[in-house]
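A short worksheet on the structure shown next.
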Amino acid sequence: MSNNTQEEEVLKQIEMEVRMREGASKLLAACSRREQALEASRSLLTCNARILALLSKLQRLRKAQILQKVGRRPSEDFVPCVGKVSLSGEYLRIPLMWKDSEYFKNKGDLQRCAVFCLLHCGTEIHDTDLVMVDRTLTDICFEDTIIFSSEVGPGFQLRVELYSSCMVEDFSPGPLGPRKASRLGGSVGCSSGKKIRAAFESAAVCGSSGGNVEPGSVSPPLSPDLSALGPKYNLLAHTTLRIEHVQDGFKTHDLSLAATEDNPFWLPLYGNMCCRLVAQPLCMIQPMISGQLKVKLGEDLNCWENVYGVLREQSLLCYQSQEDLESEDKPLLVIPIKKHTLVCVSERDPVHHQSIYISTQYQGEELTFTLTTHTPEDTQRWTQAIWQHVYNMVTPSSPGEGLVVPDLSVEIRTLLSSYYKESY
């Protein structure tokens, strides 16, 4: 997709979020019940965060256009495999640590807060449902499963932010209005640029309290003009998940606290979040390349077999024909492709053009396979694809460190059906 096309798509998304934000603002002003106001305020905060993320993406696209015009092109080196990530909310749990007098003896004022999570991954932002929390709960549980549709590289960062609003604050209801913002009409006209500019100025003030937040600080209110209309959400805690947090099973992650006990929206967090981060590399589930090949079988120099090859997962599968692949027959030959596999190309052969040599280890044994194609262009295409596939398996997560991108396609399909039973 060209930069111009991407820019048009981003502008459409910004306009849509601006309209959603206008609807949430109108709904917030018309709410007569606190529960309605809490939902509308959450929607408003989410829209602000999405607008800021999309504007950042738009800025990057325009910067890339400028660099392209002055002759600077992206590096032609191999790029890491992209994939999709998911955060299991089948029970995304945040434990609470109430005082004995509050939880067991039920003493003191009953503190009640409305909380939700905002999840950022690139320009894609999701929010969870609202959860009402008081001292009768030992954990905050979000029963959402968040699957990010955008493709991300191994350097992705998934930021989880926990927001809270105190329920004892005074709420002045406005006149009863329409319940759903999706029913608000209107169309995008010539004034969309002004709306986007106005939304940017407002979102920059409110937005989500991303970035570095010092403990004890309070996140900005929704905006000067909207904060008086309803309840305010403040950042309570946050954490950032990366590829090293992708593991098989539910894990506990540390939270950075952004509020102290003297804040009215404060909750006694234990300081951890329990969830499961899943990554599905596309190079592990989609064929990287397929087509006709010739494979040398045995030591006989004249013993070549025409096959239909498919580079997928951690193997180069060689079928007798494409029909055998479609009928799911057993392949004639399976060539393991691992992170230590070596691939090289021989000098030009007058009979078989250039040969591709694949050297790999399998069950402790060193194996070498020889392939050739029908044209020099196909040889280059297959060689580049295999090199790229090996590179995908050894993608650096930090300088000097190699990390194999995990294949969790089976776990993604079951999508985290187990419940993490660790007690706190």
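The values are calculated or read from the model by the stated rules, or taken from the named source; none is laboratory data. This is a predicted model, so every value here is computed, not measured. Note: ideal-geometry Cβ built from the backbone for every residue, glycine included; neighbour counts use all protein chains shown. Ligands, DNA and RNA are excluded from the accessible area calculation, which covers all protein heavy atoms including side chains. Shrake-Rupley method; radii C 1.70, N 1.55, O 1.52, S 1.80 Å.
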*Enter the mean projected area of the convex hull around the alpha-carbon atoms of segment 1-60, in nm², rounded to one decimal.*
4.0 nm²
_segment 1-60 - accessible surface per residue (Å², probe 1.4 Å)_ = 45 Å²
*asked:* Through the Karplus equation 6.51 cos²θ - 1.76 cosθ + 1.60, θ set to phi - 60°, convert the phi angles of segment 44-57 into ³J(HN,Hα) values in whole Hz; use x for Gly and Pro.
replied: 5, 5, 5, 4, 4, 5, 5, 4, 4, 5, 5, 5, 5, 5
_How large a share of the accessible area of segment 287-394, in percent, is made up of carbon and sulfur atoms when the probe is 1.4 Å and the other protein chains stay in place?_
47 percent
*Packing-based ranking, highest mean first, of 383-391, 54-62, 307-315 given that Cβ atoms within 10 Å are counted*: 307-315, 383-391, 54-62
*asked:* Quick check on packing: order 327-333, 14-20, 359-365 by the mean number of other C-beta atoms within 10 Å, highest mean leading.
replied: 14-20, 327-333, 359-365
*Between Leu297 and Gln384, take the C-beta separation as r, use R0 = 22 Å, and let me know the FRET efficiency to the nearest 0.05.*
0.35
